[in-house]
Amino acid sequence: MSSILTNNGAMVALQTLNMINKNLAKTQDEISTGKQIATAKDNSALWAISQVMESDVAGFDAIQGSLALGESTVAVGRSAAEEVTELLDEIKAKVVSAQEENVDRDKLQVDLASLRDQITAIVSAAQFNGQNLLSNTSATVGEGSIEVLASLDRNESGSVTTTEITVEKQDLGQTDSAAGATATTDYTVTAAGTPAANGGTGTYTLGFNTGVTEVAAQASFELDLSSFDTTNNTSTATVQYVAREGDTLADVAAALSAAANYQLELEGRDGETVLSASGNVITVTNNDDTAVGAALAAGDFTLTDDGTIGGGLELLGDLDVSTEAGAAAALSSIEYLSQVAIEAAAAFGTSETRIDIQMDFIQKLSDSLTSGIGALVDANMEEASARLQALQVQQQLGIQSLSIANQAPQNILALFR
């Protein structure tokens with residue numbers, strides 16, 4: 001049945017043309033934006049997932065900046081510690097030279113003092129953006145290390161947390177420490193042995209009381225050297241070490257041993273009493289030809305909790321090779337001082353390597369997320385190009401089809417001629 005009121009062919013052709021135009025517009029949008037899913041209207045679920053992932057990528061970009069800043073800061077500290085190590089090697093050469101009798105010790109002392117001042121200058125200048133990793137004399141918890149933002153972690157529930165890389169500060173300063181006055185009950189000392197003549201030993205073992213797991217900053221450990229007296233040698237000196245944040249009992253034992261050896265050599269003991277540290281145990285070896293007067297006792301130690309923290313190279317400021325005893329004392333301490341600088345450089349090197357690895361991982365992770373986002377929302381341009389050409393042909397055919405359908409009522413006029 002033909003009707004001039006209802007043109008079914010034209011309606012079908014128009015509907016088809018509208019659909020073609022709609023698909024053509026969508027394809028053109030994909031080509032212009034490069035995205036198959038550009039808005040939540042296109043696919044709300046995939047769009048939401050892609051937005052979360054894009055947010056994470058932006059976060060990882062910021063983390064890369066934080067890692068780069070941290071790496072630069074640590075690199076400055078490492079380079080300075082390595083330079084200090086080299087200068088300490090030069091000082092060691094001066095100290096060894098001072099052991100000879102036929103040398104100008106005063107001249108060697110001038111050279112040593114100059115190298116020591118250079119170390120001070122390097123340590124003071126080793127800062128990046130105001131952060132100096134070679135000055136850990138703070139007693140405030142948290143100030144003995146820096147936190148480098150390293151990762152952004154999202155769990156299954158959508159909660160986001162961050163991960164940091166902790167870089168412990170080192171201390172290569174030469175400031176003097178000072179003992180405290182308030183007794184502490186956090187630590188224990190166990191003494192054993194009466195060092196016999198010609199190689200006899202005794203030990204001090206440092207420990208924690210119940211509930212204590214780490215050395216508190218400003219804890220002061222003093223050792224009375226008079227306990228090592230023999231009939232041939234006496235001492236009225238004490239040595240001390242004030243702990244900084246991050247120290248262990250092994251650090252305390254090593255520092256006290258070095259300080260005691262320096263003091264004993266300075267008094268002319270000439271190796272007759274030597275202290276050595278292994279972990280938290282200090283071993284006292286008596287090389288004199290007479291035994292010490294009494295057994296080592298826990299009371300040889302004085303423990304306080306409010307001392308003033310000194311520099312990690314505190315002993316360096318005391319070295320004086322202008323005398324025979326001073327040269328011998330310096331020789332007993334220089335290895336310890338070198339080891340302090342070496343350990344500082346090594347610690348920074350380890351942290352810098354970890355930051356480098358994390359930077360590489362974050363870059364790869366960010367690239368993987370970006371690829372994942374692309375797989376979800378990016379348009380396939382080859383497919384879009386082929387579809388565009390097909391739709392353009394369909395559009396032309398649809399227009400022709402609609403034109404033909406619109407001509408149908410004109411044919412009815414022929415029936416009335």
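The values are calculated or read from the model by the stated rules, or taken from the named source; none is laboratory data. Small disclaimer: the values here were computed from a predicted structure and weren't measured. Cβ coordinates were reconstructed from backbone atoms using ideal geometry, including for glycine residues, and neighbour counts include every protein chain displayed. Remember, those area values only see protein heavy atoms, side chains included, never the ligands or the DNA or RNA. Shrake-Rupley method; radii C 1.70, N 1.55, O 1.52, S 1.80 Å.
For the reader, a short list of remarks on this structure follows.
- Per-residue Karplus couplings for the stretch 286-298, computed as 6.51 cos²θ - 1.76 cosθ + 1.60 with θ equal to phi - 60°, are listed in order as 9, 9, 6, 8, 10, 6, 6, x, 8, 5, 4, 9, 4 Hz, Gly and Pro entered as x.
- Debye equation applied to the C-alpha atoms of the stretch 337-385, log10 I(q)/I(0) at 0.14, 0.16, 0.28, 0.29 Å⁻¹: -0.57, -0.64, -0.94, -0.96
- Positive-end extreme of charge dipole, the stretch 315-389 - chosen from Ser366, Gly349, Ser333 (charges on Cβ): Ser366
- Phi angles across the stretch 58-69 convert, under the Karplus curve 6.51 cos²θ - 1.76 cosθ + 1.60 with θ = phi - 60°, into 3J(HN,Hα) values of 4, x, 5, 4, 5, 5, 4, x, 5, 5, 5, 5 Hz, Gly and Pro given as x.
- For Glu324, the accessible surface of its heavy atoms amounts to roughly 120 Å² (probe 1.4 Å, protein chains only, rounded to the nearest 10).
- Enclosed volume per residue, in Å³, of the convex hull spanned by Cα atoms of the stretch 277-334: 158
- Charge dipole of the chain about the Cα centre (unit charges at C-beta), most positive-ward option of Ala113, Met381, Leu225: Met381
- Rh by Kirkwood over Cα pairs, then Stokes-Einstein D for the stretch 94-213 at 0.692 mPa s and 37 °C, µm²/s: 160
- Ranking Ser145, Ser401 by solvent-accessible area of protein heavy atoms (1.4 Å probe, all protein chains present), from largest to smallest, gives Ser401, Ser145.
- Alpha-carbon centroid distance for the pair the stretch 299-368 / the stretch 243-297, whole angstrom: 19
- Answer label for Cα Rg over 2.2 N^0.38 Å (calculated), chosen among (i) 1.81; (ii) 1.68; (iii) 0.98: (i)
- Our summary gives the chain a relative contact order of 26 percent, counting only alpha carbon pairs under 8 angstrom and 6 or more residues apart.
- Fraction of the pair-distance distribution of the stretch 5-128 above 18 Å, Cα-Cα pairs, percent: 76
- Ranking Leu402, Leu46 by solvent-accessible area of protein heavy atoms (1.4 Å probe, all protein chains present), from largest to smallest, gives Leu46, Leu402.
- Förster radius 56 Å - calculated FRET efficiency between Phe361 and Leu415 (Cβ-Cβ, nearest 0.05): 0.10
- Sorting Asp153, Asp29, Asp300 by solvent-accessible area of protein heavy atoms yields Asp29, Asp153, Asp300, largest first, with a 1.4 Å probe.
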